[in-house]
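One structure below.
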Amino acid sequence: NAMLSWQRTAYHFQPEKNWMNDPNGPLYHMGWYHLFYQYNPDSATWGNITWGHAVSVDLIHWLYLPLAMVPDQHYDRKGVWTGSATILPGGEIKILYTGDDDNSIQVQNLAYPSNHSDPLLLNWTKYEANPVMVPPEGIGLSDFRDPTTAWVGPDGEWRVIVGSKINTTGIALVYHTTNFTSYELVDHVLHSVAMTGMWECIDFYPVSTNSSFGLETSMVGPDVKHVLKASIDDLTKDYYAIGTYDPVNDTWTPDDASMDVGIGLKYDYGWLYASKSFYDPVEKRRILWGWINETDTEDDDFAKGWASVQAVPREILYDDKTGTNILQQPVKEIESLRLNSTEFEDILIEAGSIVPLDIGMATQLDMFAEFEIQGIDSFKATAATESNITECIYAETRTSYGPFGLAVLADGSLSELTPIYFRVVENDDGRLKTYFCADESRSSLAPEVLHTVYGSEIPVLDGEKYTVRILVDHSIIESFAQGGRRVITSRVYPTQAIYGAARLFLFNNATGINVTASIKVWELNSAFIRPFPLDQVEH
Ligand code: DQQ
């Protein structure tokens, strides 16, 4: 349906057509970044799941390759589900993935490249004696999936985690292996959290507390903490916590039990699910992939002929300023798409005003904005306490200190707009706290798509301005506040704010304060995402 073609993105990874979900087995090999993904080659809805495959030299421009794995064995006939890659010290690649078998039992399978010296890794061999793990006693036959990247422990054995649940408690089962073909279940879980339900797509990795490099998955040490992430099936959200890993006993303890996995922080307060990270040995960084699911209807997806995109890959770091969260930033390579830029300095946005920014094309943007509240100290004494208006509200709701921020993918008459904003609230003790929000209630005139307000409280430290980096790509808005302490991905479906009609505005809906903003906006080029010309090259 050409009527919906403007929703296609220009620099996000998505297949040419049909359905995609989780990113799988990201890895770097012989000059190429490889991305695999859950893919239905036949339709724009979930089903018949295979592993799609694409490669890139820079994480931005992608070449589609033939399907890497299809459901063709008794142990994966109902679907080649999510899995991860492990690169052994000698460079050998092992993939563990979940197969939905002939009897709809979830089992873990091993696969490896048929030819390691092929940079494109075109052909994959499934291990002849698959499956290598079956649901252990006490685990539901359909509650056992998504093996992680393996890491090696102090005893030289490899560890792999598989997500599951027992009743309503989400759990991470740990297995040991020395050869990737036989596995021993550890007699206790790595971690569990009551009432969080099935844990899908677990990710477990170290972060450095004293450097700005990412860490290889097996790294442990004094300046290392470990992030545990679970995709909470019941909520369709990726939750993480920072904690300490004991590599001898294979247990992990969150720094703050009240912010444990599934009840504390989310990677993304909008739409991002089933994410997976990998270590990039070239740039010594940890990169996160995540699936941005649709929030329109299945009929809309059939009309478009495709569903879902992958988020722009993000670099992950520990936030040593707060010590309580990770930071996520789009990989630096995205900057190679920047075209002309426009800069606005110290723009006054008076209480109750909206300021258009004359930037030309506004459907493919990268921007960085800083906001400062004017005279907050003198105002504070008289402001009414509004902390009972919780969290994120409609952007047009006026309160003492906001909302203020940017309205993106807006049309000139503001019939459609997506406000990305901050809102400051005075606590009972007189201290300020900040919310970071995205209001999708007016993103689209289409009635059938989701219209929700998302967001979270966000740490803003003494002396910091309110800062946000925003990427806009036709129907996706990814917003990273305070250096990536909180992220919101908005999946929006404008019908008016499209092509040349899309605009960008600053706004301040506070009743009591003026705000100044400085903002730099870059137009972004489109990325090349197309089939690999396999017939034209030798590989
Ligand atoms: N998607 C896969 C599963 C995983 C789920 C199936 C998460 O392996 O648990 O497509 O989105």
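Out of curiosity, is residue 18 over 20 Å from residue 476 (Cβ atoms), under 21 Å from the mean Cα position of the chain (by Cα) and within 16 Å of the ligand (Cβ to nearest atom)? Reasoning before the result, please.
Working: over 20 Å from residue 476 (Cβ atoms): no; under 21 Å from the mean Cα position of the chain (by Cα): yes; within 16 Å of the ligand (Cβ to nearest atom): yes.
When the stated conditions are applied, residue 18 does not pass them.
Could you count how many residues in the stretch 156-175 are away from the ligand (no atom under 16 Å from the Cβ) and free of Cβ contacts under 8 Å to residues at least 60 places away in the same chain? Talk me through it step by step, then tell me what you get.
Applying the first criterion (away from the ligand (no atom under 16 Å from the Cβ)) to the stretch 156-175 yields 156-159, 166-169, 174-175.
Going one step further and asking which of them are free of Cβ contacts under 8 Å to residues at least 60 places away in the same chain, we end up with 156-157, 166-169, 175.
Residues meeting the conditions: 7.
Limited to the stretch 276-294, what total is found for residues that are in a strand (DSSP E or B) and more than 17 Å from residue 206 (Cβ to Cβ)? I'd like the intermediate steps shown before the answer.
Initial filter on the stretch 276-294 (in a strand (DSSP E or B)): 276-280, 285-292.
Filter once more, keeping what is more than 17 Å from residue 206 (Cβ to Cβ): 289-292.
So the answer is 4.
Can you tell me which residues in the stretch 36-61 are more than 16 Å from the ligand (Cβ to nearest atom) and among the small types (Gly, Ala, Ser)? Steps first, answer last, please.
In the first step, residues of the stretch 36-61 are kept if they are more than 16 Å from the ligand (Cβ to nearest atom); the result is 54-61.
54, 56 - these are the residues of the stretch 36-61 that are more than 16 Å from the ligand (Cβ to nearest atom) and among the small types (Gly, Ala, Ser).
Could you say whether any residue in the stretch 413-434 is within 17 Å of residue 395 (Cα to Cα), within 19 Å of the chain's Cα centre (by Cα) and in the same structural domain as residue 394 (by TED's automatic domain parsing)?
yes
For the stretch 67-87, give me each residue that is small (Gly, Ala, Ser) and either out of contact with any strand residue (DSSP E or B) (no Cβ under 7 Å at 6 or more places or on another chain) or closer than 18 Å to residue 290 by Cα (or both). Break it down stepwise before answering.
Step one: of the stretch 67-87, the residues small (Gly, Ala, Ser) are 68, 79, 83-85.
Residues satisfying the conditions are 83, 84, 85.
Go through (1) within 16 Å of the ligand (Cβ to nearest atom); (2) more than 18 Å from residue 160 (Cα to Cα); (3) of a type in the set (S, T, N, Q) one by one and return the number of the condition residue 231 breaks.
With (1) within 16 Å of the ligand (Cβ to nearest atom); (2) more than 18 Å from residue 160 (Cα to Cα); (3) of a type in the set (S, T, N, Q) applied to residue 231, the lone miss is (2).
Quick one: how many residues across the stretch 443-478 are surrounded by 19 or more Cβ atoms within 10 Å (Cβ to Cβ) and without any contact (Cβ under 8 Å) to a residue 60 or more places away in the chain?
4
May I ask you to say which residue of 159, 145 is basic (Lys, Arg) and under 24 Å from the mean Cα position of the chain (by Cα)? First the steps, then the outcome.
Details: 159 fails: under 24 Å from the mean Cα position of the chain (by Cα).
When all the criteria are applied, what remains is 145.
From the list 131, 135, 147, exactly one residue is in a loop (DSSP other than H, G, I, E, B), within 18 Å of residue 38 (Cα to Cα) and not hydrophobic (A, V, I, L, M, F, W, C). Which is it? Full working, then the answer.
Working: 131 fails: within 18 Å of residue 38 (Cα to Cα); 135 fails: within 18 Å of residue 38 (Cα to Cα).
None of the others qualify; the one that does is 147.
I'd like the full set of residues that are touching a residue at least 60 places away in the same chain (Cβ under 8 Å), away from the ligand (no atom under 16 Å from the Cβ) and touching a strand residue (DSSP E or B) at 6+ places or on another chain (Cβ under 6 Å), limited to the stretch 186-207.
Result: 186, 190, 191, 193, 205, 207.
For the stretch 262-272, how many residues are surrounded by 24 or more Cβ atoms within 10 Å (Cβ to Cβ) and either in a strand (DSSP E or B) or of a type in the set (A, V, I, L, M, F, W, C) (or both)?
Qualifying residue count, the stretch 262-272: 2.
Those residues that are of a type in the set (S, T, N, Q), under 13 Å from the mean Cα position of the chain (by Cα) and closer than 18 Å to residue 490 by Cβ, I need them from the stretch 276-301; list them, please.
We begin by selecting, within the stretch 276-301, every residue of a type in the set (S, T, N, Q); these are 277, 293, 295, 297.
Subsequent filtering for residues that are under 13 Å from the mean Cα position of the chain (by Cα) retains 277, 293.
Listed by number, the list holds a single entry, 293.
I'm trying to understand the selection: among the residues of the stretch 402-427, which are within 19 Å of residue 456 (Cα to Cα) and of a type outside the set (Val, Ile, Thr)?
Selection gives 402, 403, 404, 405, 406, 407, 419, 421, 422, 423, 426, 427.
If residue 311 meets every condition in (1) within 16 Å of the ligand (Cβ to nearest atom); (2) at pLDDT below 95 apart from one, which number is that one?
(2)
Determine which member of the set 33, 97, 28, 64 is part of a strand (DSSP E or B), crowded, with 16+ Cβ neighbours inside 10 Å, within 14 Å of the ligand (Cβ to nearest atom) and not small (Gly, Ala, Ser). Write out each step before concluding.
On the way: 33 fails: within 14 Å of the ligand (Cβ to nearest atom); 28 fails: within 14 Å of the ligand (Cβ to nearest atom); 64 fails: within 14 Å of the ligand (Cβ to nearest atom).
Answer to the selection: 97.
Among the residues of the stretch 277-297, is there at least one that is modelled with pLDDT under 95, away from the ligand (no atom under 16 Å from the Cβ) and among the charged types (D, E, K, R)?
yes
For residue 237, only one of the following conditions fails: (1) free of Cβ contacts under 8 Å to residues at least 40 places away in the same chain; (2) more than 13 Å from the chain's Cα centre (by Cα). What is its number?
Failing condition for residue 237: (2).
Kindly state which strands (runs of 3 or more DSSP E) lie completely within the stretch 450-539 and contain at least 3 residues that are at pLDDT below 95 and over 30 Å from residue 7 (Cβ atoms). Give the derivation first.
Numbers: elements: 453-458, 466-473, 476-481, 486-491, 503-508, 515-524, 529-531.
Ranges flagged: none.
The values are calculated or read from the model by the stated rules, or taken from the named source; none is laboratory data. This one's a predicted model, so the numbers in the text were calculated from it and none came from an experiment. Every residue, glycine as well, gets a Cβ built from its backbone with ideal geometry; the counts of neighbours run over all protein chains shown.
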